[in-house]
Amino acid sequence: MKKIIIAIDGFSSCGKSTMAKDLAKEIGYTYIDSGAMYRAVALYCMRHHLLPDGRIDEENLRAALPAIHISFVFNPETGKPDTYLNGVNVEKEIRGMEVANLVSPVAALGFVRKTLVEKQQEMGKAKGIVMDGRDIGTVVFPAAELKIFVTASPEVRAKRRMDELIAKGEPASYEEALENIVKRDYIDSNREESPLRQAEDALVLDNSSMSIAEQKAWLLAQYDNVVKA
Ligand code: DC
């Protein structure tokens, strides 16, 4: 069976990573969470005093980038890859609210994007990957054989995000989750560098009222259409 690249883009907390991970597992592909890479850089900024007065110290971040090594190691317990920053598992830390509040401005920096996009393209060289993010079908892999653009209402996403945090034992409020989502949608869609945009040849999936099983079936059907064409 031919190996392809599957790009899954869309708004925050749309369930992209769950569907991308499940699809990858089902078809024996590697799943890569590109958002985790931007989150890891945001965590690096927090830990290395690159946020004086709440601003990002761009000059020092640019200088530090070659020393920021991000990798993924499959965790059989969760069935997902864990994110490692310079050899240390940071999966839990990058999912908290502190990183969520900082990651969009970090992801808006052109020099950060350029470096991470190159790493992502390298990871996809052999194909057989499902990568989720914001610019995968438009910038990272414009020639991806299958592109999906996922969307759901901000209210549905805030509820999902809140449930996810609570399930992990982290304090979360619906209002805070909604505010964070609306703010991130705005920054992600309006930034100058690779704004979140639907690729012209992407298939749109609004999953506001779809179950995970329904989404999975839909995605598999799209995958079959492409590989059996
Ligand atoms: O998918 P996520 O919520 O983990 O992404 C975290 C942030 O990183 C989000 O604010 C948008 C940004 N991002 C991006 O700009 N480009 C990507 N390919 C993936 C994520």
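Among Asp201, Asp82, which comes first, then next, by fewest other beta-carbon atoms within 10 Å? Mind dumping the intermediate values first?
Details: Asp201 12, Asp82 17.
If I rank by nearby Cβ atoms, fewest first, I get Asp201, Asp82.
Which of the three applies to the range 1-97, rounded, prolate or oblate, going by the alpha-carbon gyration tensor with a ≥ b ≥ c and a/c under 1.5 meaning rounded?
Prolate.
Throw me the Rg/Rh for the range 83-188, computed over C-alpha atoms with Kirkwood Rh, two decimals.
Working: Rg = 15.5 Å, Rh = 15.7 Å.
The Rg/Rh ratio comes out at 0.98.
For the range 30-37, what does the Karplus curve 6.51 cos²θ - 1.76 cosθ + 1.60, with θ = phi - 60°, yield as ³J(HN,Hα) per residue in whole Hz, taken in order and with x for Gly and Pro?
3J(HN,Hα) across the range 30-37, in whole Hz: 8, 9, 10, 9, 5, x, 4, 6.
Take the chain, connect every pair of alpha-carbon atoms lying under 10 Å apart with a spring to form a Gaussian network, then pick out the residue of Arg184, Arg55, Arg157 with the largest mean-square fluctuation.
Fluctuation is largest for Arg55.
Would you mind ranking Ser153, Ser211 so that the residue whose beta carbon has the fewest other beta carbons within 10 Å leads the list?
Ser211, Ser153
Would you calculate the volume per residue, in Å³, of the smallest convex hull containing every Cα atom of the range 15-166?
On the way: hull volume 19.3 nm³, N = 152.
Per residue, the Cα convex hull of the range 15-166 comes to 127 Å³.
I want to verify the translational diffusion coefficient of the range 1-47 in µm²/s; compute it with Stokes-Einstein, Rh as the Kirkwood radius over Cα pairs, at 20 °C and 1.002 mPa s.
Values: Rh = 12.2 Å.
Calculated translational D: 175 µm²/s.
Charges on Cβ only, +1 for Lys and Arg, -1 for Asp and Glu, centred on the Cα centroid of the range 101-179; of Leu116, Pro142, Ala152, which one is farthest towards the dipole's positive end?
Pro142
Placing unit charges on C-beta atoms (Lys and Arg positive, Asp and Glu negative, everything else neutral), compute the dipole magnitude of the range 75-229 about its Cα centre in debye, rounded to 20. Let's see the in-between values first.
On the way: 21 positive and 26 negative charges, 64 e Å.
Using Cβ point charges on Lys, Arg, Asp and Glu, the range 75-229 gives about 300 debye.
Please name whichever of Gly133, Leu65, Tyr29 sits farthest to the positive end of the charge dipole of the chain, dipole taken about the Cα centre and charges placed at Cβ: Lys and Arg +1, Asp and Glu -1.
Selected residue: Tyr29.
Expressed as cubic angstrom per residue, what is the convex hull volume of the alpha carbon set of the range 159-221?
Numbers: hull volume 7.9 nm³, N = 63.
Taking the convex hull of the Cα positions in the range 159-221, it is 126 Å³ per residue.
May I ask for the Kirkwood hydrodynamic radius of the range 116-177, worked out over all distinct Cα pairs and given in angstroms to one decimal? Could you put the intermediate results ahead of the total?
On the way: mean 1/r = 0.0712 Å⁻¹.
That comes to 14.0 Å for the range 116-177.
Arrange Lys228, Lys92 by Cβ neighbour counts within 10 Å, fewest through most, would you?
Working: Lys228 8, Lys92 11.
By the 10 Å Cβ count, ascending, the order reads Lys228, Lys92.
May I ask you to derive the relative contact order of the chain, considering only C-alpha pairs under 8 Å and at least 6 residues apart, and to give it as an integer percent? It would help to have the intermediate numbers written out before the result.
On the way: 330 pairs, mean separation 75.7, N = 229.
After rounding, I find 33 percent.
Relative to the first principal axis of the alpha-carbon coordinates of the chain, what is the inclination of helix 110-123, with its axis defined by its Cα atoms, in degrees from 0 to 90 and to the nearest 10?
Once rounded, the angle reads 40 degrees.
What is the pair-distance distribution P(r) of the range 47-126, computed from all Cα-Cα distances in 5 Å bins starting at 0, with each bin given as a whole percent?
3, 12, 19, 26, 23, 11, 5, 2, 0
Each reported figure results from applying straightforward, stated rules to the coordinates on display, with no laboratory input. Just so it is clear, the model here is predicted, and its values are computed rather than measured. Methodologically, a virtual Cβ is constructed for each residue, glycine included, from the backbone with ideal geometry; neighbour enumeration extends over all protein chains shown.
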